[in-house]
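Working notes for the structure below.
The values are calculated or read from the model by the stated rules, or taken from the named source; none is laboratory data. What you are looking at is a predicted structure, and each value in this text was computed from that prediction instead of being measured. All Cβ positions, even for glycine, are placed from backbone atoms using ideal geometry, and neighbour counts span all protein chains on display. Quick note on the areas: whole protein, heavy atoms, side chains included, nothing else; ligands and nucleic acids left out. Shrake-Rupley method; radii C 1.70, N 1.55, O 1.52, S 1.80 Å.
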Amino acid sequence: MASSPDAHQPLSAEAVADALGALDFDAWARLSVASKVRARVCTMPPEDLLREAITRLRSGRRACPPDVPLIVVIDQVMRSIADAALRSREPLEQNAGYESLDDLDVADERTLDPETACLARQVLQQIKDILADDPMAQEVFAAKTLGMSPADTQQELKISAKEYATTLRRIARRLAVLSLGDQS
Amino acid sequence: MSEMKSPDAAYVRELVDLAVEELLTMPKDEFAKLVAESGTTVDALADAARSVDAQAIAIAGKEKLRCARQSLRTRREGAQIPTSLRDPQRARDYVRRLAASSSLMREKLTLAARSGTALSDRDVQSIIEDLASLGDLPDVEST
């Protein structure tokens, strides 16, 4: 079945405003926590990240895909802003367009500066600290930092792909809890 | 193996992405539990985010207004206004004549513009510029 011509058109500013107005407390709370997590590897405070992302969508500076959940779009815009802020040290970009969610991914490791590396070091150390009571998570974490592939890690640690994924998720949750504990 | 080697920004970013993905997709009750473990509440976090949204509404509104003003300024600058209408008196006569001759134009002009007397030269010129930017300057040749 052919889709209508407007099926992939970005939402209008009014439609974005309506969609934001329809978000429930749960969604807003998740965005709040997401901004805290993203701010861990960014030079911007979490509320600035979230505010800038929503402002771009509300003003139309950032197009909003119609077929992606709004909180995912907002998070990807925060990700883009965080990366851009680290890369350029310039005022926040004024760019508007998008073609796919991939376009929102502007990270380029080669351009990361010493401050990013410093932030990364801090976060890695913090994660290492909070995994002290979880030996398997420590092992998976260490393997990741050594650059081992998931397959090699599973083989080395004699764990299944499912156990590997579960452990990664556990590490991610620890990071989320750590970020929630931040005073900001 | 538990010895951590040099920090890797890409890995931290991957972990952050994974953490956020977890946060955005986990069931509501799990999320509420995770939030509670951190000593806060879903409502408190939501209130904070909605407060940020309220600020975003104000900023976006100002941005739109600024864009609209810039757009109007650009249109005005690009509009072709006959030299004759640069003369204040001729411009005033023109606006008055337009209001008298065209019901459509009468609707477009405000009460103050129709009376003509309450308008400053700058007001009249502004009306001319607005009409020109809309491509709506009839009978200019006869002015």
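Things worth noting here:
- Here r is the Cβ-Cβ distance between A:VAL68 and B:LYS28 and R0 is 22 Å; the resulting FRET efficiency, rounded to 0.05, is 0.65.
- For trypsin sites (Lys or Arg not before Pro), the sites in the range A:127-177 that DSSP calls loop and that have at most 10 other Cβ atoms within 10 Å are A:LYS158.
- List of the range A:37-58 residues, accessible area with partners at least 50 Å² below that of the chain alone (1.4 Å probe): A:ARG38, A:ARG51, A:THR55, A:ARG58
- Taking amide hydrogens as placed 1.01 Å from N in the peptide plane, the amide H of A:LEU11 sits under 5 Å from those of A:CYS64, each at least 5 positions away in sequence or on another chain.
- Between chain B and chain A, the total buried accessible area stands at approximately 5000 Å², from heavy atoms with a 1.4 Å probe.
- Greater than 22 Å apart at Cα, pairs in A:LYS36/A:LYS128; A:LYS36/B:LYS62; A:LYS36/B:LYS28: A:LYS36/B:LYS62
- Using a simple spin-label model with pseudo-atoms 7 Å out from Cα toward Cβ, A:MET136 and A:GLU163 lie 0.6 nm apart.
- Evaluating kT/(6 pi eta Rh) at 25 °C and 0.890 mPa s, with the Kirkwood radius of the range A:13-88 over Cα pairs in the Stokes-Einstein relation, gives 198 µm² s⁻¹.
- Reducing the range A:117-168 and the range A:9-43 to their Cα centroids gives an inter-centroid distance of 29 Å.
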